[in-house]
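Participant: Can you keep this structure in mind? I'll have questions shortly.
The values are calculated or read from the model by the stated rules, or taken from the named source; none is laboratory data. Predicted model, so just to flag it, every value in this text is computed and none were measured. Backbone-built Cβ (ideal geometry, glycine too); neighbour counts: all protein chains shown. Protein only, heavy atoms only, side chains kept; ligands, DNA and RNA dropped before computing areas. Shrake-Rupley method; radii C 1.70, N 1.55, O 1.52, S 1.80 Å.
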Amino acid sequence: MISPALNSVEGRSFPRSTQVLATVAVVALLASAWKARSALAAMTLPSEVLLLAGLAAVVVVWGYLNILFSTTRISNDAISQGWLWRTSVQLRDIAQVKLLRFKPLDFLVAPRLVVRAGALGNTTFHMADPAVLAMVDLLVHGQAELVDA
């Protein structure tokens, strides 16, 4: 468990470059849909196909907003991540942790902390904020890693 002397930290879950790439992908998707609008309007599509397309659009928008607004928080008693609804794991319930990180690509790929919490299974937390990563180093390795200035 984290010492009570340590402060809680919170920061964004995904790097800015990932957020920019997600925005470019969504804009490209919207541009292709706009380009195909006349062909799509001329088709008679069954209601099941329209429902499936609508559900796919909801999933894409949800994933995009999650990348933009999600934050990861580590407090004295829990790790949590989310923006509208938060996923949380109590520190006292954690049985195993794995930090998946390739430092040269931190600017593009968010490091992941995979946590096994008893019978709850594995939960993955993304983190892009240096303060959150330092706290994770403290949790995983027992010491904070020095950050190059």
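Participant: Take the alpha carbon atoms of the chain, find their radius of gyration, then divide it by 2.2 N^0.38 Å using N residues; give the quotient. The partial results should precede the final answer.
Facilitator: Values: Rg = 19.6 Å, N = 149, 2.2 N^0.38 = 14.7 Å.
Against the empirical 2.2 N^0.38 Å value, I get 1.33 for the chain.
Participant: Quick one: 3J(HN,Hα) in Hz for the range 8-15, Karplus 6.51/-1.76/1.60 with θ = phi - 60°, rounded, Gly and Pro as x.
Facilitator: 6, 10, 9, x, 5, 8, 10, x
Participant: What are the radius of gyration and Dmax of the range 11-51, computed over its Cα atoms and given in Å?
Facilitator: 15.6, 47
Participant: How much of the accessible area of the range 36-78, in percent, comes from carbon and sulfur atoms when a 1.4 Å probe is used?
Facilitator: Numbers: 2210 of 2960 Å².
Roughly 75 percent of what the probe reaches on the range 36-78 is carbon or sulfur.
Participant: Here's a follow-up. Quickly estimate the mean residue ellipticity at 222 nm for the chain, helices only: each DSSP H run with n ≥ 4 gives -39500 (n - 2.57), and the total goes over all residues, rounded to 500. Intermediate values should be presented prior to the final figure.
Facilitator: On the way: 4 runs with 61 residues, N = 149.
So the helix-based figure for the chain works out to -13500 deg cm²/dmol.
Participant: How large is ³J(HN,Hα), in whole Hz, for each residue of the range 20-28 in order, when computed from phi with the Karplus curve 6.51 cos²θ - 1.76 cosθ + 1.60 and θ = phi - 60°, using x for Gly and Pro?
Facilitator: 5, 4, 5, 5, 4, 5, 5, 5, 5
Participant: Ignoring the sites themselves, what is the longest stretch of the chain with no chymotrypsin sites (Phe, Trp or Tyr not before Pro) in a DSSP loop and at most 14 other beta-carbon atoms within 10 Å? Intermediate results must be reported in sequence, preceding the final value.
Facilitator: On the way: sites that count: W83, W85, F102, F107.
That gives 1-82 as the longest site-free run.
Participant: Could I ask something else about it? Kindly report the accessible area of the chain per residue (heavy atoms of protein chains, probe 1.4 Å, no ligands, DNA or RNA), in Å².
Facilitator: On the way: 9800 Å² over 149 residues.
Accessible surface, normalised per residue, equals 66 Å².
Participant: Another question, if that's okay. Helix 47-69 versus the longest principal axis of the chain: what is the Cα-based angle in degrees, 0 to 90, to the nearest 10?
Facilitator: 30
Participant: Going through the range 1-106, which trypsin sites (Lys or Arg not before Pro) have at most 13 other Cβ atoms within 10 Å and a DSSP loop state?
Facilitator: Working: sites: R12, R16, K35, R37, R73, R86, R92, K98, R101; in loops: R101.
Sparse-neighbourhood loop trypsin sites (Lys or Arg not before Pro): none present.
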